[in-house]
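Student: Pasting a structure here, questions to come.
None of the figures in this text is laboratory data; all of them are computed from the coordinates on show. These figures come from a predicted structure and were not determined experimentally. Glycine also receives a Cβ, built like all others from the backbone with ideal geometry; neighbour counts cover every protein chain displayed.
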Amino acid sequence: MAKRGWESSRRRRDRLQIIAEILETARGGALKTPIMYKANLSFTQLNEYLSYLLETGLLENVTKDKETIYRATDKGLEYLQGYTKIRGLLQEERRSNIKKLPL
């Protein structure tokens, strides 16, 4: 199936990648709006992900000066390490397979 023009340059992200982007942004603590923009999510999507991440203990929220700050927990940082490692292995495998293709 041929890709349409705008799809060829954009790769669809999966849930694991979106979670990693949120946790990376919230590594040292972040407000909702910067997380939403950096992870490129709508407000509704952001709220769904934040609820899930808080529920699973990958993220925590702290109220400071009447603002809610979201911060990756130790469990969230472990997720990021694992995700980064797996992504690196897959990229390495893809590069290896490209080198094996006949010219």
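Student: Report the Cα-based extents of region 13-100 along its three principal axes, largest first, to the nearest Å.
Tutor: Result for region 13-100: principal-axis Cα extents of 57, 26, 19 Å.
Student: For the pair R27/V62, report the inter-label distance in nm, with labels modelled 7 Å from Cα in the Cβ direction.
Tutor: 1.7
Student: Under 19 Å Cα-Cα from K85, which aspartates and glutamates qualify once same-chain neighbours fewer than 8 residues away are excluded?
Tutor: Partners within reach: D14, E21, E24, D74, E93.
Student: Let me ask something else about it. If you average the C-alpha positions of region 34-55 and of region 65-100 separately, how far apart do those two centres end up, in angstrom?
Tutor: Cα centroid to Cα centroid, the span is 17 Å.
Student: What number, in percent, do you get for the relative contact order of region 13-100 if the mean sequence gap of Cα pairs under 8 Å and at least 6 apart is divided by its residue count?
Tutor: Working: 84 pairs, mean separation 26.6, N = 88.
Once normalised by length, the contact order is 30 percent.
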